[in-house]
Structure formats: structure tokens, C-alpha cells
Amino acid sequence: MKPTTMILGFLPWVAFGVVVPLIGPHAVALSALLGIGLVLSGAAVTREIRPLNQMSVGSLIPLSAIAVIALVTGDEMHEWLFTWAVPGLAVALGAFLLAMLPVAPFTRRYARTVTPRASWSSPVFVRTNLIMSAAWGVAMIVLGACNILGSAMDAYADEFGDLAQVQPYLG
């Protein structure tokens, strides 16, 4: 597998996840559009425009929805997207990866680039890709759930009280 392909697949999420917190809620649309641009650029660089790989599709759907919503709404919705949708993106991607397991496991496309064609239908190859793809999906959902929990603790700091103050627990 070419590491460039995997890195380009996650780059839109990394950029989106870094730009929004740095700039703030008013940058949600801009950050989503940046993510969409990076998805399409990455697909062009890796020559995976037709058909787009799963990571690209799984990125374009939520990023496009966030961009459209942010472009047609006001500040209140931008705050909501900033607080809940941005942290929840990993959950959306993880759910997409898990939903695609029966059709096309996420890792299969990458694994085929380094595995002889004769092995593609072997039970070991198929099972390994199902397990690895499921692990990626679950990991993304757990990451997203942790992000949502962090947002909830920030948003409801008064209700959480001292529990929302994470620093004392970190030592």
C-alpha cells in the first residue's frame, strides 16, 4: 500500500479538525469546503476520481452537508455545528465504514495494492480485511464519541460541575 494514499485519505479530516477549532464557529463552512477540496485533490493525485474510494465518499457526504448547512444558516447554527457536528464527524465516518463492511471493506482497496491477485478471494485475505475495516470503523466511532463527550462537558460545564474540570484528574 502506498502511504501517500492513506495519508491523503485522512488529510481532509485532519485539516477540518484543526482549522475549525483554531478559527472558530464562523469558519465551519470554510473548513468544510477546504476538506472537500482536499478530498477531491487527493483523489486526483492518486488517480481515484472514477470511482471515488470509500474514504473519499465517506468524507464528501458529511463535509458537503456541513458546508451547505453552514453556508445557508446563521451564527446560531454555526455554533451548533462547531459544538456538535464537528466532533461527531468521526462517528459519521466510522458508521459509514462499518456500513460498507458487507459490500466492500475499507482496507480491501489498499490491501489489493500489495497483495497478489490470486490471494484476493482467499478466506484469510477476506477475513483479515473485514477485521481490519471493522477495527477502523469502531476506532473512528470511539474517537468521535470521545470528542462528543468533550464537547458535552464544555457545553454543559455548569451541570457537570467539577467533573468538567479535566486538568486536576490528569495530574
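The values are calculated or read from the model by the stated rules, or taken from the named source; none is laboratory data. The model shown is predicted, which means the values in this text are computed figures rather than measured ones. Using ideal geometry, Cβ is built from the backbone for each residue, glycine included, and neighbour counts are taken over all protein chains shown. Just so you know, the surface numbers come from the protein's heavy atoms only, side chains and all, with ligands and any DNA or RNA stripped out. Shrake-Rupley method; radii C 1.70, N 1.55, O 1.52, S 1.80 Å.
Report, by residue number, each residue of region 43-81 that is more than 15 Å from the chain's Cα centre (by Cα) and of a type outside the set (A, V, I, L, M). Result: Thr46, Arg47, Glu48, Arg50, Pro51, Thr73, Gly74, Asp75, Glu76, His78, Glu79, Trp80.
Going through (1) farther than 30 Å from Val126 by Cβ; (2) open to solvent by less than 60 Å² (accessible area, probe 1.4 Å); (3) without any contact (Cβ under 8 Å) to a residue 60 or more places away in the chain; (4) not aromatic (Phe, Trp, Tyr) one by one, Val86 falls short only on (3). If you take the residues of region 111-123 that are open to solvent by 90 Å² or more (accessible area, probe 1.4 Å) and assigned to a helix (DSSP H, G or I), which of them is nearest to Ala95 (Cα to Cα)? Checking each candidate, the answer is Pro123. The residue that is modelled with the highest pLDDT, among those in region 125-157 that are open to solvent by 60 Å² or more (accessible area, probe 1.4 Å) and of a type in the set (Phe, Trp, Tyr), is Trp136.
Taking the conditions exactly as written (under 26 Å from Tyr156 (Cα atoms) and of a type in the set (A, V, I, L, M, F, W, C)), does Phe96 satisfy them or not? Considered against the rule, which asks whether it is under 26 Å from Tyr156 (Cα atoms) and of a type in the set (A, V, I, L, M, F, W, C), Phe96 comes out as no. Here Leu63 passes the criteria (1) in contact with a helix residue (DSSP H, G or I) (Cβ under 6 Å, 6 or more places away or on another chain); (2) modelled with pLDDT of 80 or more; (3) open to solvent by 30 Å² or more (accessible area, probe 1.4 Å) except the one numbered (3).
Counting only residues that are in contact with a helix residue (DSSP H, G or I) (Cβ under 8 Å, 6 or more places away or on another chain) and modelled with pLDDT under 75, which one in region 10-53 is most open to solvent (accessible area, probe 1.4 Å)? For region 10-53, the residue satisfying everything is Ile49.
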